[in-house]
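Enquirer: For reference, the structure I am asking about is given below.
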Amino acid sequence: MRPIGAENRKLIAEGLWQNNPVFKQVLGICSTLAVTNLVLNTVVMCVALIFTRSLSAFTVAVLRTLTPRNIRMMVETLIIAFYVIIVDILLKAYWPEMSSSLGPYVGLIITNCIIMGRCEACANANPSGRALLDGLFNALGYSFVLLIVAGLRELFGMGTFLGLTVPYFSGPYWDKWIIMVMPPGAFFVLAIVVWVFRSIQTAKENKAK
Amino acid sequence: MNITSQMSHALVVFVSAIFTQNILLSYFLGLCPFIGVSREVKTSFGLGLAVIFVMTSTCLLNWVAYQVVLEPLGLHFFRFIMFIIIIAAFVQFVEMVIERYSPSLYQRLGVFLPLITVNCAILGASLFMVIRDYSFVATVGYGLGSGIGWFLAIMAMAGIRQRLANERIPRGLQGPGITLIIAGLMALAFIGFTGVLQGN
């Protein structure tokens, strides 16, 4: 296997950290933030997102020379919708409980701004391999932040992790923070996570100077 | 259901879409423009109005398309593509009509219309309407209520952010961070409306 080139390494670092979709760009959190009250739901949602995100970037990049410029948004949307439908049908067939507990949010991956944003910013102008890599690592950078949010919410709100009991938090000593599993909790936790990560980032940048 | 009970159901759906089940504050839909565009009251007002209009109309169009075309044919999985095409086409159409007949309105709303196509709240409202199996009248109430709820949330946020403009905020919290915290506080306040509706 050929070693990862410097350019690709930069792409990976940008997706995961420097230009992270959640705490740097703050894009596309709508469709996933809603399911962060349980870690399991978030994992499924993130897998679905990684799948659609990287494959749609790949497809858009493959078709980029064939797509007329004035209808490219429409074509991109249809490509994304195509992959989302695959995920939706698979979930309905093999895991109906999960499908109904995620509700409309799987379908809402279509309008997830980060997918569209990356298609516009990267997949449109780059070869397919690069676009796939960019898509994959942007989605991974997105997923790890949301998994942190979900982990904190489930732990504080219900005292569990992935539905399993956690020492101390599941016991009688921990007074469960119900607000964490309610909508305001998602906003607060995400805000704090954004705050922490951005502070680390600026601290690093200052050091680099 | 007879007409009266349908109307009262639609009214309950309408009020709950604004307050108790606000599409933004309890379902997190339409967060991106909410964070990105809520810096000024004036722009938020324009975007909010456009959302109310587009959401109500596309909910109705999508209801008709779903019940008349997709449901009888059993093509439920096709709804994502159908809805997104209807929304995009409708937005494009409205843009052209406004540009032709009311240039002043176009100047105020024009920039926001293309943004709306990718607003998750619009598609989300249509998907919720299908999942909850609303009747036609209830869909009117739901679309209008969700639009107004979104409008209310972004206007409140813009008002608060304008006042915050000159405050000293920790660096990491500036921009999206503080907006999310305010949104959380607003969501808390909206939970207070829960008791307003009985039997919902």
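Computed from the coordinates by the stated procedures, all read-outs in this text should not be read as laboratory data. Nothing here was measured: the structure is a model prediction, and the numbers come from that model. Ideal geometry is used to build each Cβ from the backbone, glycine not excepted, and the neighbour counts take in all protein chains shown.
Enquirer: On average, how many beta carbons from a partner chain sit within 10 Å of the beta carbon of a residue in A:110-120?
Expert: Across the residues of A:110-120, the mean count of other-chain Cβ atoms within 10 Å is 4.
Enquirer: Which ³J(HN,Hα) values in Hz, rounded to whole numbers, follow from the phi angles of the stretch B:92-101 under the Karplus curve 6.51 cos²θ - 1.76 cosθ + 1.60, where θ = phi - 60° and Gly and Pro get x?
Expert: Working through the residues one at a time gives 4, 4, 4, 4, 5, 4, 4, 4, 6, 9 Hz.
Enquirer: Per-residue mean of other chain beta-carbon atoms within 10 angstrom of the beta-carbon, peptide A:32-44?
Expert: Across the residues of A:32-44, the mean count of other-chain Cβ atoms within 10 Å is 1.
Enquirer: How do B:LEU47, B:LEU73, B:LEU197, B:LEU127 line up, fewest other C-beta atoms within 10 Å first?
Expert: Result, fewest neighbours first: B:LEU73, B:LEU197, B:LEU127, B:LEU47.
Enquirer: Still on this structure, please answer the following. Mean separation of Cα pairs under 8 Å and 6+ residues apart, divided by the residue count of chain B: what relative contact order is that in percent?
Expert: Here the relative contact order equals 45 percent.
Enquirer: Follow-up. Compute the separation of the alpha-carbon centres of the stretch A:106-145 and the stretch B:43-104 and state it in Å as a whole number.
Expert: Here the answer is 25 Å between Cα centres.
Enquirer: Rounded, prolate or oblate: which fits the stretch B:10-196 when a ≥ b ≥ c are the square roots of the eigenvalues of the alpha-carbon gyration tensor, with rounded for a/c under 1.5 and prolate only if a/b beats b/c?
Expert: oblate
Enquirer: Okay, next question. Calculate the FRET efficiency for A:ALA93 and A:MET182 from the Cβ-Cβ distance with a Förster distance of 25 Å, rounded to the nearest 0.05.
Expert: 0.20
Enquirer: May I pose another question? Modelled label-to-label distance, B:PHE193 and B:ARG163, 7 Å Cα→beta-carbon offset: nm?
Expert: Distance between the two pseudo-spin positions: 1.9 nm.
Enquirer: For a quick check: with amide H placed at 1.01 Å from N, whose amide H comes under 5 Å from A:PHE161's, ignoring anything fewer than 5 positions away on the same chain?
Expert: Under 5 Å from the amide H of A:PHE161 lie the amide H atoms of A:VAL166, each far enough along the sequence or on another chain.
Enquirer: At what distance in angstrom do the alpha carbon centres of the stretch B:116-153 and the stretch B:1-32 lie from each other?
Expert: Centre-to-centre (Cα) distance: 8 Å.
Enquirer: Here is a further query. Using Cα centres only, tell me the gap between the stretch A:31-90 and the stretch A:150-209 in whole Å.
Expert: 27
Enquirer: How would you rank A:133-141, B:90-98, highest first, on the average number of other Cβ atoms within 10 Å across their residues?
Expert: My ranking of the peptides, most packed first, is A:133-141, B:90-98.
Enquirer: Could you grab the relative contact order for the stretch B:6-104? Cα pairs under 8 Å, six or more apart, rounded to a whole percent.
Expert: 15
Enquirer: Now for a different question. Could you tell me what % of all Cα pairs in chain A have separations over 21 Å?
Expert: Result: 57 percent of Cα pairs exceed 21 Å.
Enquirer: With r defined as the distance between the Cβ atoms of B:VAL97 and B:THR43 and R0 fixed at 25 Å, what FRET efficiency is calculated, to the nearest 0.05?
Expert: 0.70
Enquirer: HN-Hα J couplings of the stretch A:181-187 from phi, Karplus 6.51/-1.76/1.60, θ = phi - 60°, integer Hz, Gly and Pro as x?
Expert: Karplus-based 3J(HN,Hα) across the stretch A:181-187 equals 8, 8, x, x, x, 4, 4 Hz.
Enquirer: Here's something else I'd like to know. Considering lysine pairs in the protein assembly as shown that are 8 or more places apart or on different chains, how many have Cα atoms under 22 Å apart?
Expert: So the count of such lysine pairs works out to 7.
Enquirer: Can you classify the protein assembly as shown as rounded, prolate or oblate using the Cα gyration tensor, where a ≥ b ≥ c are the square roots of its eigenvalues, rounded means a/c under 1.5, and otherwise it's prolate if a/b beats b/c and oblate if not?
Expert: rounded
Enquirer: Follow-up question, since we're still on this one. Would you tell me the mean number of C-beta atoms belonging to other protein chains that fall within 10 Å of each C-beta in A:99-109, as a whole number?
Expert: 5
Enquirer: Would you mind ranking A:ARG118, B:ARG168 so that the residue whose beta carbon has the fewest other beta carbons within 10 Å leads the list?
Expert: Exposure proxy ranking, most exposed first: B:ARG168, A:ARG118.
Enquirer: Starting from the 7 Å offset along Cα-to-Cβ, what nm value, one decimal, do you get for the label separation of A:VAL62 and B:GLN6?
Expert: 4.7
Enquirer: Further, regarding this structure: When a/c reaches 1.5 or more, the comparison of a/b and b/c decides; with that in mind, is the stretch B:18-72 rounded, prolate or oblate per its Cα gyration tensor?
Expert: prolate
Enquirer: If I model a spin label as a point 7 Å beyond the Cα along the Cα-Cβ vector, how far apart are those points for A:VAL43 and B:VAL69 in nm?
Expert: Going from the A:VAL43 label point to the B:VAL69 one covers 3.9 nm.
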